[in-house]
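K.L.:
There's a structure below that I have some questions on.
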Amino acid sequence: MIPRRLLTAVCVLVVGVLGLGLYVWRIVRKVRQPAPALVDMRPVPPPASGTPAEVVLFVADDSDGTLHRQTASVTLPEEPAKREREILRALVAQYQENASTHPLGAGADITDVYLVNGKLAVVDANGIFADGHRSGILVEELTLASLAQTLAANLPGITSMKLLVDGKERPTLAGHAGLNEPYSVADANRLVK
Amino acid sequence: MRTPAGLRLRPASASGAARRGFFALSGILMLALLWALSPGAQTPPEVKQITIYAAQTSYSLPVITHDGKEYVGLLEVLEPLGAVSASLDGKKWKLRFNNLEAQFTADKTKAKIARGEVEIGGPFLAENGRGQIPLAALPRVLASILPNRPLQFHAAARRLFLDKTEIHFAAELKPGANSQIQLTFSAPVNPSIATEPGGLRMLFRREPVVADKSQDKQNLADKTISSLGYNESNGSAELTIHSPLPLTAFVSSDHKTITVTPEVLPPLGQAKGQPQTFGPPNNPKAGGKPANTAAMPVAREFLVVIDAAHGGTDRGGAITDELAEKDVAMAFARRLHNELRNRGIAVRLVRDGDATLALEQRAEIVNAAVPSLYLAIHAAGSGTGVHIFSSSLTPLTKPTTFLPWDTAQAAFVQTSQQVANAVATELLKHDVPALSLTMSVAPLNAIAAPALAIEVTSPAGKAVEDISSGAYQQSLCTAIATAIAGMRNQLPHGEVAR
């Protein structure tokens, strides 16, 4: 006959093993769930207040590797840096439309634009802008060129643009286009059709 | 007896047999010396190799012999097929391929792969951290590691076909005064073609060409082309066409048809049944090109350096969830390498494996090689066709002795743009969408030679996965190599660049 003490110990062990098994199963299931898509969970910023104005956007077209000049009506604040940010946001919004010629991921945003000496524009994009960006020489270059050319078109005197991601320097946008050096507006100008 | 010069002479009575022996020995030594100096004796023994043909690439690996058994490195076999890593822990050699784990033990004949056990038919070798398995067991091991990929192994020829990549061919004899034989392949091919007295040989090193049993030896009962033979050995296949006349081969523009004719052809249009896609040697405008350029000697002074971008820990962009840019770029670089070599152009790869190289390192390696042309190969999941980039630096107007590292390309910008335009034009001729653009793509600006970045994307109207299609990549490589061969005289050669 099996001693009661031994039986109790075995039962406790069996329950323990089953409990641990259930716990491990739940953890594995949780890990295997697909990672959530890159989504910006921050609250939507309030719309800019100001007067509507017609601005120039240089929209990239992946099919022919060029920038196309377009005009759009955007509500612009008074402060120059904020005006430039709203213009770039209008450009990014265009890229997030369904029929975009140069798609950017949902949640990509321009958080700030700083002007240095009237020649250099420092553009700060959010993490999703870079992390969700498609990888490739052409598509990455077109994004930079489009931002730089749009800035230069609306704020004459800008000769180069430096892109930061979440306020920090980053070697490349998505593996190809270098971000260490400022992007020259002259380079962007070559792509204008 | 001593002579005035002090030389000791053999007495006149020395036996004639000894003298004859001396001369015979001298003769033998002389013949041995002549044989040793002859080119045939200097040919190194053929290195045993296996060739693996997969959907994304074809590659050859050395085969070693140990205790009478042939062995091949398993890590090297798997490297081009996916993400693979291995570590040696005592006698246990642990392998990880994508999400699958396997364990081999030194000197043991069984291996654990996933949850099963596989007999490898001989002891496992773990030398210098590299795991070697008996060649005969490779199909069994691969079938366990790549369970959903069809596999065929031609053991005697050491040729392994994955993913049903085999290329079949049909031969059609067109009899006449100057008979010709037309070989039609199920996918583009680019063999090395050599003409020799009595026939013509086509060697398929990278192409998975196979023959049916009936095609091994075909007697054609024709005065001009007497027979067609197929043979495969040591990781390659060979087609031999026998003829009493000198032969020439013409390759169609899509590289799917090769027509072999006697060297002297009637003018175009007079020979009945002559395919329209081929032109005689004296009519280059007719669209064909003599394939015997493939047998041209390699010109060392003209060097193309191909740089498959990314690699190692830098996977580059994700073409799909499984397909990394670094792997597509490597496969494409290898194809382009072969395509250029077949045109008699010396080629070097910056990386020929999964190595991590910084952009500065790449520029250093390339500049040290003093190439005539540098090609950085990239791949992207978006867009169609090929994007060709040359540097956007302002061209240097005055020649200079020293080139600044960051703008070394300025001295070569104009030539680079000419090559980019030539490549784009040739691709468009092959109905491949091509864009030639000027952009400062790293490390082009630091390259002191004409330099391009070539970004390969998927074929127009096809799924993004088709970027790794062998036929698609081959057609691009053919066009790019043709353009480069055409620009050869306009590019600096090694001595000039130095």
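Yes/no per residue for (1) under 23 Å from the mean Cα position of the chain (by Cα); (2) on the phi < 0 side of the Ramachandran plot:
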position	(1), (2)
B:Val209	yes, yes
B:Asp222	no, yes
B:Ser227	no, yes
B:Asn234	yes, no
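K.L.:
On the basis of being open to solvent by less than 30 Å² (accessible area, probe 1.4 Å) and in the same structural domain as B:Glu76 (by TED's automatic domain parsing), does B:Leu183 make the cut? Even if it seems obvious, please write down each step before you answer.
P.N.:
On the way: open to solvent by less than 30 Å² (accessible area, probe 1.4 Å): yes; in the same structural domain as B:Glu76 (by TED's automatic domain parsing): no.
Answer is no for this residue.
K.L.:
Right, another one. Quick check on this structure: which one of B:Ala460, B:Ala442, B:Ala448 is modelled with pLDDT of 90 or more and either of a type in the set (Gly, Ala, Ser) or surrounded by fewer than 16 Cβ atoms within 10 Å (Cβ to Cβ) (or both)?
P.N.:
Details: B:Ala460 fails: modelled with pLDDT of 90 or more; B:Ala442 fails: modelled with pLDDT of 90 or more.
Unique residue meeting the criteria: B:Ala448.
K.L.:
Can you confirm whether B:Ala355 is in contact (Cβ under 8 Å) with a residue 24 or more places away in the chain, in contact with a helix residue (DSSP H, G or I) (Cβ under 7 Å, 6 or more places away or on another chain) and away from chain A (no Cβ under 13 Å)? Walk me through how you get there before you give the answer.
P.N.:
Numbers: in contact (Cβ under 8 Å) with a residue 24 or more places away in the chain: yes; in contact with a helix residue (DSSP H, G or I) (Cβ under 7 Å, 6 or more places away or on another chain): no; away from chain A (no Cβ under 13 Å): yes.
Criteria not met by B:Ala355.
K.L.:
Can you pull out every residue in the range B:175-218 that is among the hydrophobic types (A, V, I, L, M, F, W, C) and outside any strand (DSSP E or B)?
P.N.:
Going through the range B:175-218, the residues among the hydrophobic types (A, V, I, L, M, F, W, C) turn out to be B:177, B:181, B:183, B:185, B:187, B:189, B:193-194, B:200, B:202-204, B:209-211.
Correct list: B:Ala177, B:Ala187, B:Val189, B:Val210, B:Ala211.
K.L.:
From B:Thr195, B:Thr224, which residue is open to solvent by 70 Å² or more (accessible area, probe 1.4 Å), within 21 Å of B:Phe250 (Cβ to Cβ) and outside the structural domain of B:Arg158 (by TED's automatic domain parsing)?
P.N.:
On the way: B:Thr224 fails: open to solvent by 70 Å² or more (accessible area, probe 1.4 Å).
Only one candidate qualifies: B:Thr195.
K.L.:
If the Cβ limit is 7 Å and pairs must be 6+ apart or interchain, which residue in the range B:199-217 that is assigned by TED's automatic domain parsing to the domain that holds B:Ala187 pairs with which residue that is crowded, with 18+ Cβ neighbours inside 10 Å and assigned to a helix (DSSP H, G or I)?
P.N.:
Short answer, once both residue conditions are applied: B:Arg206/B:Asn338.
K.L.:
Follow-up question, since we're still on this one. Kindly list the number of the only condition in (1) at pLDDT below 90; (2) under 20 Å from B:Val77 (Cα atoms) that fails for B:Ala331.
P.N.:
(1)
K.L.:
Quickly run through the range B:427-439 and pick out the residues that are surrounded by fewer than 22 Cβ atoms within 10 Å (Cβ to Cβ), farther than 11 Å from B:Val386 by Cβ and within 11 Å of chain A (Cβ to nearest Cβ).
P.N.:
Result: B:Thr438, single match.
K.L.:
Please indicate, with yes or no, whether at least one residue in the range B:393-401 is within 14 Å of another protein chain (Cβ to nearest Cβ) and either open to solvent by less than 40 Å² (accessible area, probe 1.4 Å) or part of a strand (DSSP E or B) (or both).
P.N.:
Yes.
K.L.:
Looking at the range A:94-138, which of its residues are more than 16 Å from A:Pro171 (Cα to Cα), within 14 Å of chain B (Cβ to nearest Cβ) and touching a residue at least 60 places away in the same chain (Cβ under 8 Å)?
P.N.:
A:Gly105, A:Leu138
K.L.:
Just checking, how many residues over the range A:153-173 are of a type in the set (A, V, I, L, M) and open to solvent by 20 Å² or more (accessible area, probe 1.4 Å)? Please lay out each step first, then the result.
P.N.:
So the first thing to find is which residues in the range A:153-173 are of a type in the set (A, V, I, L, M), and the list is A:153, A:155, A:158, A:161, A:163-165, A:173.
This time we only want the ones that are open to solvent by 20 Å² or more (accessible area, probe 1.4 Å), so: A:153, A:155, A:164.
Total satisfying the criteria: 3.
K.L.:
Test B:Arg335 against the stated conditions and say whether it is buried (at least 20 other Cβ atoms within 10 Å of the Cβ), more than 14 Å from chain A (Cβ to nearest Cβ) and assigned to a loop (DSSP other than H, G, I, E, B).
P.N.:
On the way: buried (at least 20 other Cβ atoms within 10 Å of the Cβ): yes; more than 14 Å from chain A (Cβ to nearest Cβ): yes; assigned to a loop (DSSP other than H, G, I, E, B): no.
In short, no.
K.L.:
Another question about this same structure. Given the criteria part of a loop (DSSP other than H, G, I, E, B), among the aromatic types (Phe, Trp, Tyr) and either within 14 Å of chain A (Cβ to nearest Cβ) or on the phi < 0 side of the Ramachandran plot (or both), does B:Phe412 qualify?
P.N.:
Details: part of a loop (DSSP other than H, G, I, E, B): no; among the aromatic types (Phe, Trp, Tyr): yes; either within 14 Å of chain A (Cβ to nearest Cβ) or on the phi < 0 side of the Ramachandran plot (or both): yes.
In short, no.
K.L.:
List the number of the failed condition for A:Leu155; all other conditions in (1) facing chain B (nearest Cβ under 10 Å); (2) touching a residue at least 12 places away in the same chain (Cβ under 8 Å) hold.
P.N.:
Looking at each condition in turn, A:Leu155 falls short on (1).
Every residue, every condition in (1) out of contact with any Lys or Arg (no Cβ under 6 Å at 6 or more places or on another chain); (2) within 28 Å of B:Glu339 (Cα to Cα); (3) at pLDDT 90 or above, yes or no:
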| site | (1), (2), (3) |
| --- | --- |
| B:Glu46 | yes, yes, no |
| B:Ile50 | no, yes, yes |
| B:Gln56 | yes, yes, no |
| B:Ala86 | yes, no, no |
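K.L.:
Continuing with the same structure: Among the residues of the range A:83-101, is any of a type outside the set (Phe, Trp, Tyr), closer than 24 Å to B:Val464 by Cα and open to solvent by less than 20 Å² (accessible area, probe 1.4 Å)? Give the derivation first.
P.N.:
Just the residues of the range A:83-101 that are of a type outside the set (Phe, Trp, Tyr), to begin with: A:83-94, A:96-101.
Next, from what is left, pick out any that are closer than 24 Å to B:Val464 by Cα: A:96-101.
Applying the additional criterion that residues be open to solvent by less than 20 Å² (accessible area, probe 1.4 Å) yields none.
The answer is no; no qualifying residue exists.
K.L.:
So, of the residues in the range A:158-177 that are out of contact with any Asp or Glu (no Cβ under 6 Å at 6 or more places or on another chain) and within 13 Å of chain B (Cβ to nearest Cβ), which turns out to be farthest from B:Thr384 (Cα to Cα)?
P.N.:
Once the filter is applied, the top-ranked residue is A:Ser160.
K.L.:
Shifting gears a bit: Hey, among B:Val419, B:Val350, which residue is crowded, with 20+ Cβ neighbours inside 10 Å, away from chain A (no Cβ under 14 Å), over 18 Å from the mean Cα position of the chain (by Cα) and modelled with pLDDT of 90 or more?
P.N.:
Details: B:Val350 fails: over 18 Å from the mean Cα position of the chain (by Cα).
Going through B:Val419, B:Val350 in turn, just one is crowded, with 20+ Cβ neighbours inside 10 Å, away from chain A (no Cβ under 14 Å), over 18 Å from the mean Cα position of the chain (by Cα) and modelled with pLDDT of 90 or more: B:Val419.
K.L.:
Sticking with this one: Identify the residue in the range A:178-193 that is open to solvent by 70 Å² or more (accessible area, probe 1.4 Å) and assigned to a loop (DSSP other than H, G, I, E, B) and, among all such residues, is nearest to the other protein chains (Cβ to nearest Cβ).
P.N.:
So in the range A:178-193, the residues open to solvent by 70 Å² or more (accessible area, probe 1.4 Å) come out as A:180-181, A:189-190, A:193.
With assigned to a loop (DSSP other than H, G, I, E, B) added as a condition, the list becomes A:180-181, A:190, A:193.
Working: A:Asn180: 10, A:Glu181: 9, A:Arg190: 6, A:Lys193: 12 Å.
Ranking the qualifying residues of the range A:178-193, first place goes to A:Arg190.
K.L.:
Of the conditions (1) within 14 Å of chain A (Cβ to nearest Cβ); (2) open to solvent by less than 20 Å² (accessible area, probe 1.4 Å), B:Thr313 fails just one. Which one is it?
P.N.:
(2)
K.L.:
I've got another one for you. Would you mention how many residues in the range A:49-82 are without any contact (Cβ under 8 Å) to a residue 12 or more places away in the chain and buried (at least 16 other Cβ atoms within 10 Å of the Cβ)? It would help to see each step written out before you state the result.
P.N.:
Within the range A:49-82, the subset without any contact (Cβ under 8 Å) to a residue 12 or more places away in the chain is A:79.
Filter once more, keeping what is buried (at least 16 other Cβ atoms within 10 Å of the Cβ): none.
So the answer is 0.
K.L.:
Looking at this structure, is B:Thr384 of a type in the set (S, T, N, Q), under 30 Å from B:Leu81 (Cα atoms) and in contact with a Gly (Cβ under 9 Å, 6 or more places away or on another chain)? Walk me through how you get there before you give the answer.
P.N.:
Numbers: of a type in the set (S, T, N, Q): yes; under 30 Å from B:Leu81 (Cα atoms): yes; in contact with a Gly (Cβ under 9 Å, 6 or more places away or on another chain): yes.
Yes; evaluated as a whole, the condition is true for this residue.
K.L.:
Could you figure out which of (1) touching a Phe, Trp or Tyr at 6+ places or on another chain (Cβ under 8 Å); (2) open to solvent by 60 Å² or more (accessible area, probe 1.4 Å); (3) not in a loop (DSSP other than H, G, I, E, B) isn't true of B:Glu172?
P.N.:
Of (1) touching a Phe, Trp or Tyr at 6+ places or on another chain (Cβ under 8 Å); (2) open to solvent by 60 Å² or more (accessible area, probe 1.4 Å); (3) not in a loop (DSSP other than H, G, I, E, B), only one is false for B:Glu172: (1).
K.L.:
What is the number of the single condition among (1) open to solvent by 60 Å² or more (accessible area, probe 1.4 Å); (2) of a type outside the set (S, T, N, Q); (3) modelled with pLDDT under 85 that B:Arg201 does not meet?
P.N.:
(3) is the only condition that B:Arg201 fails.
K.L.:
Next question, about the same structure. Spot the failing condition for A:Gly127; the list is (1) within 18 Å of the chain's Cα centre (by Cα); (2) modelled with pLDDT of 95 or more, and only one is missed.
P.N.:
(2)
The values are calculated or read from the model by the stated rules, or taken from the named source; none is laboratory data. Computed from a predicted structure; not experimentally measured. FYI the Cβ positions are ideal-geometry reconstructions off the backbone, even for glycines, and counts take in every protein chain you see. SASA here: full protein model, heavy atoms, side chains in, ligands and nucleic acids out. Shrake-Rupley method; radii C 1.70, N 1.55, O 1.52, S 1.80 Å.
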